[in-house]
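The values are calculated or read from the model by the stated rules, or taken from the named source; none is laboratory data. Being a predicted model, the structure only gives us computed values, none of them experimental. In this analysis, Cβ positions are derived from the backbone assuming ideal geometry, glycine residues included, and neighbour counts consider all displayed protein chains. Note: accessible area is taken over every heavy atom of the protein model, side chains too, but ligands, DNA and RNA are not part of it. Shrake-Rupley method; radii C 1.70, N 1.55, O 1.52, S 1.80 Å.
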Amino acid sequence: MSNTILVGAQWGDEGKGKIIDFMTEQADIVVRAQGGANAGHTVIVGKTQYILHLIPSGILRKRTTCVIGNGVVVDPIGLVEEIDGLLKAGINPKGRLHVSDAAHMVFPYHKALDAAREALKGKNKIGTTMRGIGPAYGDKIDRVGLRMGSILNPKRFSEQLDLGIKRANAMLKALGAKPVSAKATRESVIKAARRLKPYVANTFQMLHEASAAKKRMLFEGAQGTFLDIDHGTYPYVTSSNTTSGGMCTGSGIPPTMIDRVVGVAKAYTTRVGEGPMPSEDIVVGDLLHGMGREYGATTGRERRCGWFDAVTVRQAVMVNGITDLAVTNFDGLDTLPEVKVCVAYRAGSKRFDLQPTDLDVLAKCKPVYESFPGWQKPTDKIRNWKDLPLNARRYGQALAKLTGTKLRFASVGPARSQTITL
Ligand code: GDP
Ligand code: IMO
Ligand code: MG
């Protein structure tokens, strides 16, 4: 298999970074194609934990090329900070990291607008990561955004940035929010842009040339299927296509060049931010938070927790064309005598095997649970599928069967070595 897309099958934070890192062994190029610094992908290498926001998780393996594709919204200041963080850790991304000249940029005023719009929404807020994602994609769709390639022409870039600041400040004022300082914005952005010049490239061409040279590509999805702007629980979603199609438009690699799609799901469900989550359950939340787990990698927020929701993952399998399922965090359920799976929703007399689009209907949906006996044994030191407790294996296979796909990876801890392949 040469080209693989990896996507989140739930509401983000499924453990994509960890699985990407594991799979990078079989890839030459790792590509981010959507989202921005709203992502927080945790990778543990040896004793060091890295949290990557914009740079593909493949950067942690020395021979891997990394691409930030045209579909990503790039915060230049954040990207420079991330590069500096890697340099401090002894990893030099120069020559291995390439940023698409067609990728749009996120500026401090996008973050200010993100905050102002959330404040205006009051109790209807989305609970965004405040990384300026919605406003930056808004500018892109509105055809007033600035692309990474523009930093190669400093005079034009400076003029366009001024226009952007003016426009954003007019909006901030209209929203009753504080405008950004034009001077400070210009200085910080231009300083970062200068540093990023050597990284800007025509990544579309680069990827096609690499493919012609038989290089293997791994697409690192950000967020998750139910945060997709079209297929998620709108409006409680992010502003990009987080599903497999988004990896194609966000990189310029067509669907006919994709060989497999890996969907990552936790053995339970989590969500950060507002919006529906039918299988949310306080017992699961107390268990995981009690273990010091399930706090956001980008914002530190406590993640909402619940049982595995087969309705959503089943839909994720369909919309992404998931051929291989990776189930992470098996070890999170190790102590439970009974593990539940939401196999369908029920609202009144109606049963749903897929998620209803209308959020009012979804709000009325109650989970229909199937119970599985727990394994009540630690799994974190197990490295082979056959050595997992029988009930854990039965649970894993049931998740794949209920969602209509094949189980290929089972993860029993955050480290690279704690990954079981089937
Ligand atoms: P991503 O956004 O999908 O890359 O996921 P995050 O990094 O935001 O969140 C996943 C969290 O779970 C991180 O803290 C990972 O280190 C951790 N993790 C991933 N897989 C496992 C696993 O199998 N077991 C345990 N205990 N932690 C895991
Ligand atoms: P990774 O890649 C989990 C959520 C936010 C909010 C909604 C919109 O680490 O899985 P945004 O800032 O994108 O406008 O916020 O989407 N969200 C994520 N939740 N993991 C992520 O990324 C997320 N990126 C955005 O919490 O509910
Ligand atoms: Mg995350």
Checklist entry - Cα gyration tensor of the stretch 172-271, axes a ≥ b ≥ c as square roots of the eigenvalues: rounded (a/c below 1.5), prolate (a/b > b/c) or oblate? => result oblate
Checklist outcome for this item: Simple spin-label estimate for residue 260/residue 234, 7 Å along Cα→Cβ, in nm, reads 3.3 nm
Item to check | Shape box of the stretch 264-421 [Cα atoms, principal axes, largest first, Å] | outcome: 44, 33, 29
Item to check | Among the listed pairs 111/364; 123/178; 155/197; 140/173; 377/401; 16/47, those beyond 25 Å (Cα-Cα) | outcome: 111/364
Checklist entry - Given R₀ = 35 Å, FRET efficiency for residue 174-residue 215 by Cβ-Cβ distance, to 0.05? => result 0.15
Checklist outcome for this item: Taking R0 as 41 Å and r as the Cβ-Cβ distance between residue 390 and residue 195, the FRET efficiency 1/(1 + (r/R0)^6), rounded to the nearest 0.05, comes to 0.15
Checklist entry - Given springs between every Cα pair under 10 Å in a Gaussian network model of the chain, which of 266, 197, 94 has the largest fluctuation? => result 94
Checklist outcome for this item: Contour minus Cα-Cα span, residue 143 to residue 89, at 0.36 nm per residue, comes to 15.6 nm
Checklist outcome for this item: Within the stretch 310-337, the residues whose backbone N lies under 17 Å from a label point placed 7 Å from the Cα of residue 377 along the Cα-to-Cβ direction are 330-337
Checklist entry - Considering the dipole of the chain built from charges on the beta carbon (Lys and Arg +1, Asp and Glu -1) around the Cα centre, which of 102, 12, 182 is farthest to its positive end? => result 182
Item to check | Calculated from backbone phi, Karplus (6.51, -1.76, 1.60) coupling profile of the stretch 395-406 in Hz, x at Gly/Pro | outcome: 4, x, 5, 5, 4, 5, 5, 5, 9, x, 9, 10
Checklist entry - To the nearest 10 degrees, how steeply does helix 182-196 sit against the main Cα axis of the chain, on a 0 to 90 scale? => result 70 degrees
Next on the checklist: Can you find, among 396, 421, 337, the residue sitting farthest towards the positive end of the charge dipole of the stretch 264-421, where Lys and Arg contribute +1 and Asp and Glu -1 at Cβ?
Outcome noted: 421
Next on the checklist: So, for the stretch 37-163, what is the accessible surface per residue at a probe of 1.4 Å, expressed in square angstrom?
Outcome noted: 43 Å²
Checklist outcome for this item: Rounded to whole Å, √(5λ) for the Cα gyration tensor eigenvalues of the stretch 78-185, largest first, gives 27, 19, 13
Next on the checklist: Would you work out the Kirkwood radius for the chain? I mean one over the mean of 1/r across all pairs of different Cα atoms, in Å.
Outcome noted: 21.9 Å
Checklist outcome for this item: Those trypsin sites (Lys or Arg not before Pro) from the stretch 1-65 that are DSSP loop and have at most 14 other Cβ neighbours within 10 Å turn out to be 47, 62, 63
Checklist outcome for this item: Those GluC sites (Glu not before Pro) from the stretch 213-310 that are DSSP loop and have at most 15 other Cβ neighbours within 10 Å turn out to be none
Checklist entry - With +1 on each Lys and Arg Cβ and -1 on each Asp and Glu Cβ, how big is the dipole of the stretch 250-300 about its Cα centre, in debye rounded to the nearest 20? => result 200 debye
Item to check | Size of charge dipole - the stretch 146-259 - debye, nearest 20, with Cβ of Lys, Arg +1 and Asp, Glu -1, no other charges | outcome: 800 debye
Item to check | Gaussian network model of the chain, Cα within-10 Å springs - most flexible of 142, 101, 309 | outcome: 142
Checklist outcome for this item: Cross-link reach from residue 125 to aspartates and glutamates, straight Cα distance under 13 Å and at least 8 residues apart if same chain, gives 114, 274
Next on the checklist: Running a GNM on the chain with Cα contacts under 10 Å, which residue among 100, 158, 349 ends up with the highest mean-square fluctuation?
Outcome noted: 349
Checklist entry - How far, in degrees from 0 to 90, does helix 310-320 lean away from the longest principal axis of the Cα atoms of the chain, to the nearest 10? => result 50 degrees
Next on the checklist: Classify the stretch 229-276 from the C-alpha gyration tensor, please: rounded if a/c falls under 1.5, else prolate or oblate depending on whether a/b exceeds b/c.
Outcome noted: oblate
Item to check | Accessible surface of the stretch 164-286, 1.4 Å probe, proportion on carbon and sulfur as whole % | outcome: 56 percent
Next on the checklist: Can you classify the stretch 95-246 as rounded, prolate or oblate using the Cα gyration tensor, where a ≥ b ≥ c are the square roots of its eigenvalues, rounded means a/c under 1.5, and otherwise it's prolate if a/b beats b/c and oblate if not?
Outcome noted: oblate
